[in-house]
Amino acid sequence: MADNKKDFKMQELHTPSAFEGALWACIGIKGADTIFHSPPGCYINQHVNALVNDWTCELYTTNLSYANIMQGAEGRMETTLQKIVAKEPGAILIVTAPTVEVTRDDVEGVAKKVGFKDTVIIHPPIGGSLVDGKEKAFINLLDLADPTVKKVPKSVNIIGPTFSTFNWRADVHELTRMLSGIGVTVNCVYTAGATIEQIQNVTQAELNICIYPYDSGIGVAKEMQKRFDIPYKADIIPIGFGNSAAWLESVAEFFKLDAKAYLKECMDNAFEFISSNMVFTVTFEMTAALSLENANTYAVGISEFLNKEAGVDIVMTALSNPDAAKRLEALCDDVLINATIEEKRDKFVETGPMVIYGNFYDKKVSMDEGFKNFIFSDIPTIGYLSSENCPFMGFMGAKYLIEGLVNEVYMGIFLETKGDMMGSISTGSVPWDIKAEQAMIKVGEMIPHFVRATALKKLHQEAEKIAQERGTNVTIAIFREVSDKFTPTKFKAKFSQVFEDDDVAAPAVEEEDEEVPVSSLTFSMPWDDEAKGMLELVPSPFRQAAVSGTEDYAREHGRDDVIGATMEEFRKELGM
């Protein structure tokens, strides 16, 4: 019913920009006060966005009026700066809004006049991406770094996490634990959760590690190598058992450490986890789709882990980084770059994955299409609670990803079938002709796993009901009639193959290429305009069958009319 949702057709309801990126890189630093030089609407929107995706943060605004923007806002900037200076913060970070960038306020001049030493001004590029904003802030924040501090032996900086990076706390917690296991300490997480002192002493580390290389951090890592001669690593994504081991081994080699004993302990634990649970029973030949435009590194790491180590078929990925997309082409035929929500919805329906990884918008549209198995993996989340306990990265992350996948999908199937995974095709009260049984098995093979149990139970129930009413076995003719009436519209072309070699005539419908106007249909109860409008979305040959099926559904649920909500409920019950 995509045509009924044209107002939803855009890149997303909102695609984070460079201004979000710069703000998110700043507001996670403890001891620094961030000022968003902006009108109140921009400030409120950004503050809410940050709180939706992360824990509490402190963010101030110059609260510009329309007159300020038109006549100059330096006065508001000076007043706000003086108030923040009085609080004696460790640093002041100023991010300018698009409106200020257009009017070209002299923010640097105001900051110089106020005279607070550790002030960093960030002008995010207008029209820039989330990554552009983060990298701009990362590099400008290096102005706070002290290049004279002594190196701390066997220490690293973890580069890339910012506020509103999905699951960053848990990833950092797990990677820090792993590094500690081989005797390496984390000097600074640049920037989420870092103190202003850690930002100033970021140059103490001997190595920088970019943990989200397809999202952010590479630019500032290169800049730190240039300015402070700190090398960096960004070649291995520590997601999955194999890559987590390779990542840790690479760090150990850099510091000339022997990590064999620790790695053996970790891999033995992983093997015990995999072998003692029914992991491959559930994951092997499972299908998954990943929609992670704001988490490209996750898209690559999770896809490769699930496919190469768990046997999951990745049927679709949607992301925003072309380099990440190119890497994923080796294991996924459908790789979308900067897709609209409509394009993703259509691809979900086309590929029929058993589980979808994505954000709040993806969950909403996938639920509307009948998908039940969903795992949050990207922002925005809205109401999703995260902590240090559920990483996606590292050895614990690999176990958590498998745990989440198996529990989500297996329990969904188990509950959907009420525990009867291998029930017989007939209850015994109504015999089935062999051709009807064979047809039902073939139809079942064509329905995606996520709706298979529900759809087959519906077909089985309706076929036996008609057979009982007619006093016959369930024949191929009855099953064809039920199949045409109750199966999801998007599968009908496939199902026609089942009956092609059979001499039973199809239920009478108009020719496929002949339009059947809604006004010509026969109704046995009142329909409101919204419900009739939905019939326009049903392929012409199946409209009368849709009317009959919907009216039967309405009667079964105690209604004497059909409204739009009735159509929607019936559609979802059928898995369409």
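The values are calculated or read from the model by the stated rules, or taken from the named source; none is laboratory data. Because the structure is predicted, anything quoted here is derived from the model rather than measured. Cβ: placed from backbone, ideal geometry, glycine included. Neighbour counts: every protein chain shown.
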Test: residue in the range 274-282 that is assigned to a helix (DSSP H, G or I) and among the small types (Gly, Ala, Ser): yes
Some residue of the range 457-474 being within 30 Å of ASP368 (Cβ to Cβ), at pLDDT below 70, hydrophobic (A, V, I, L, M, F, W, C) and surrounded by 15 or more Cβ atoms within 10 Å (Cβ to Cβ): no
Conditions (1) of a type in the set (S, T, N, Q); (2) more than 21 Å from GLU551 (Cα to Cα); (3) at pLDDT 55 or above: number failed by THR522: (2)
Some residue of the range 288-299 being closer than 15 Å to LYS399 by Cα, touching a residue at least 12 places away in the same chain (Cβ under 8 Å) and hydrophobic (A, V, I, L, M, F, W, C): no
Positions within the range 146-196 being within 21 Å of the chain's Cα centre (by Cα) and of a type in the set (Lys, Arg), in sequence order: ARG169
Residue selected from the range 392-451 under the condition assigned to a helix (DSSP H, G or I) and of a type in the set (Ser, Thr, Tyr), by the criterion modelled with the lowest pLDDT: TYR410
Any pair with Cβ under 6 angstrom, 6 or more apart, that starts in the range 358-370 at a residue that is within 22 Å of THR165 (Cα to Cα) and touching a residue at least 24 places away in the same chain (Cβ under 8 Å) and ends at one that is among the aliphatic types (A, V, I, L, M) and assigned to a helix (DSSP H, G or I): TYR361/ILE341
Filter pass, LYS364 being surrounded by 22 or more Cβ atoms within 10 Å (Cβ to Cβ) and not in a loop (DSSP other than H, G, I, E, B): no
Subset of the range 381-403 (residues that are touching a helix residue (DSSP H, G or I) at 6+ places or on another chain (Cβ under 8 Å), within 21 Å of VAL279 (Cα to Cα) and charged (D, E, K, R)): LYS399
Candidate set from the range 136-185 (those that are in contact with a Ser or Thr (Cβ under 6 Å, 6 or more places away or on another chain) and not in a loop (DSSP other than H, G, I, E, B)); member that is nearest to LEU263 (Cα to Cα): THR185
Every pair of residues 6+ apart whose Cβ atoms lie under 8 Å, when the first sits in the range 565-576 and is under 17 Å from GLU536 (Cα atoms) and among the charged types (D, E, K, R) while the second is modelled with pLDDT under 60 and assigned to a loop (DSSP other than H, G, I, E, B): ARG571/MET1
Matching residues, the range 195-236, being more than 17 Å from THR297 (Cβ to Cβ), surrounded by 24 or more Cβ atoms within 10 Å (Cβ to Cβ) and in contact (Cβ under 8 Å) with a residue 60 or more places away in the chain: ILE199, VAL202, MET224
Any hit, the range 140-147, residues being modelled with pLDDT of 95 or more, closer than 25 Å to ASP378 by Cα and not aliphatic (A, V, I, L, M): no
Residue within the range 74-82 that is among the small types (Gly, Ala, Ser) and within 19 Å of LEU59 (Cα to Cα) present: no
Number of positions in the range 21-42 that are more than 27 Å from ASN201 (Cβ to Cβ) and in contact with a Leu (Cβ under 8 Å, 6 or more places away or on another chain): 4
